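Contents: one structure, followed by commentary.
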Amino acid sequence: MLLLAGSSVGIQAQTCQSAPDMDVAERSSLENVARRYFEMSARGDTAGLKQNSIASVAASFAGIEAAIKENQAAFTGANATVRPPFLLTAEGSEPMERAEFLCGVFGPSGQTKESAVFVLNNLPPGKYGVTVLDLNGGKEPRTLTFVLQQAFSDWKLAGFYAKSSQAAGHDAAWFAQRARDFKAKTQNHSAWLYYREAIALAAPVDFMSTLGTDKLYDEAQATLPSDVPANGNAVDLSAGGKIYHLTDIFPLAEAGDFDVVVKYQSADVSNTARTFQENTSVIKALVAKYPEFRDAFAGVVARAVEPSGRDYGTLLPMKDIK
């Protein structure tokens, strides 16, 4: 979670240095701080991390503290390898509504092997380091990303992001290959969802893109079906004599299974028995419309969502969907 506040926009500029362009001492400092903050996280030293955070993060530290506890088992015993860091400089006197940093060398077709793009919203002026650590040897492989802000001669914690490098026991490369296999069989609905999972696993944080994630995104866009809710567009699904407005569909890895989740609009979910029946109807209609899902997912989750945002979900294993 990145806790950077601000909303106004002035005349500003942003620059980025990749590791080869950085001063050796500055690069070493970022890498050493990243290792130190990881060791503190692995020990569960939340007090120490809070003390070493920027003021806005320290004032709302509960989320990071919860993330550290949630990832404690994965951190314990893990070996941390620090990737080459990036140095971001946001100039000006006011926060940037949307700051885009192009890091490294770009070619005629866009990104190269060593480049990266960062897009950060509401970013106050300052100098920031982005360090990504690959954690292996613990409970499961993970990445841990720190956003660090320079405060005089120190690098303070400004963002903390821990995520698994696998979903349902598989990594990004596996999901990408499965997506290509589905595409080869013209099962584009499954292919598109598997590409989405591959992209999510390949990127350590959702505000960073690389050559690898850009290629996966292009492949995913080439398979995007026109009859799925995507990019803010809802689609209709007929089920049990009723029309349901689907607002989102996405993959979800949970307890070792890989499921597909569909959300739809509902006026009221307070009657859970009725909503369960409607969820069941949506699930059955979805699988009937896209039978390819039977070979791609362990189950389907339907979530009825009220205008208030309250929702009610139902999971059916694929074997129980008749």
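If you wrap a convex hull around the C-alpha atoms of the stretch 172-223 and split its volume per residue, what is the figure in Å³? It would help to have the intermediate numbers written out before the result.
Working: hull volume 3.0 nm³, N = 52.
Normalising the Cα hull of the stretch 172-223 by residue number yields 58 Å³.
Name all residues of the stretch 20-44 having a backbone nitrogen under 20 Å from the label point set 7 Å from the Cα of T89 along its Cα→Cβ direction, giving them as ranges.
Flagged as within label range: 20-31.
Between S165 and residues 5 or more places away or on another chain, which pairs have amide H atoms under 5 Å apart, with H built 1.01 Å from N, and which residues are they?
R142, T143
Quick one: dipole size for the stretch 252-322, taken about the Cα centre, charges +1 on Lys/Arg Cβ and -1 on Asp/Glu Cβ, in debye to the nearest 20.
Working: 9 positive and 10 negative charges, 45 e Å.
The calculation lands at about 220 debye.
What shape does the stretch 14-164 have by the C-alpha gyration tensor, where a ≥ b ≥ c are the square roots of the eigenvalues, rounded means a/c under 1.5, and otherwise prolate means a/b greater than b/c and oblate the rest? Numbers along the way, then the final one.
Details: a/c = 1.81, a/b = 1.30, b/c = 1.40.
It comes out oblate by the Cα gyration axes.
Rg over Rh of the stretch 78-181, using C-alpha atoms and the Kirkwood radius, what does it come to? Before the final figure, lay out each step's value.
On the way: Rg = 16.4 Å, Rh = 15.9 Å.
Radius of gyration relative to Kirkwood radius: 1.03.
Using only the Cα atoms of the stretch 273-316, each taken as one equal point scatterer with no solvent, compute I(q) by the Debye sum, divide by I(0), and report log10 of the ratio at q = 0.17, 0.23 Å⁻¹.
Listed by q, the Debye log ratios stand at -0.48, -0.77.
Where the centre of each part is set by its Cα atoms, how far does the stretch 21-53 sit from the stretch 59-83, in angstrom?
12 Å
How big is the stretch 235-320 by Rg and Dmax over its Cα atoms, in Å?
According to the Cα coordinates of the stretch 235-320, Rg and Dmax are 12.1, 35 Å.
Can you tell me the length gained on complete extension of the stretch A288 to E39, counting 0.36 nm per residue apart and subtracting the Cα distance? Mind dumping the intermediate values first?
Working: separation 249, 0.36 × 249 = 89.64 nm, distance 5.00 nm.
Contour length minus Cα-Cα distance gives 84.6 nm.
Per residue, what volume in Å³ does the convex hull of the Cα atoms of the stretch 26-73 enclose? Could the numbers behind the result be given before it?
Details: hull volume 3.5 nm³, N = 48.
Spelled out: Cα convex hull of the stretch 26-73, divided by residues, is 74 Å³.
Would you report the distance distribution of C-alpha pairs in the chain as whole percents per 10 angstrom bin, up to the bin with the largest distance?
Calculated P(r), rounded to whole percents: 6, 22, 28, 25, 15, 4, 0.
In percent, what relative contact order does the stretch 172-223 have, based on Cα pairs under 8 Å that are 6 or more apart in sequence?
Values: 54 pairs, mean separation 19.8, N = 52.
It comes to 38 percent, rounded to a whole number.
Tell me the net charge near A59. Cut-off is 14 Å between Cβ atoms, A59 excluded, with +1 for each Lys or Arg and -1 for each Asp or Glu.
On the way: positive: K50, K156; negative: E65.
Neighbour charge sum, excluding A59 itself: +1.
Can you list the HN-Hα couplings for the stretch 229-235, worked out from phi with the Karplus curve (6.51, -1.76, 1.60; θ = phi - 60°), rounded to whole Hz and with x for Gly and Pro?
Going residue by residue, I get x, 7, 6, x, 9, 8, 10 Hz, with x marking Gly and Pro.
Roughly how many debye, to the nearest 20, is the charge dipole of the chain about its Cα centre, given +1 on each Lys and Arg Cβ, -1 on each Asp and Glu Cβ, and no other charges?
Details: 30 positive and 36 negative charges, 131 e Å.
About 620 debye.
No value in this document is a laboratory result; all are computed from the given coordinates. Just so it is clear, the structure is predicted and the values come from calculations on it, not from any experiment. Neighbour counts are summed over all protein chains in view; Cβ atoms, including those assigned to glycine, are modelled from backbone coordinates with ideal geometry.
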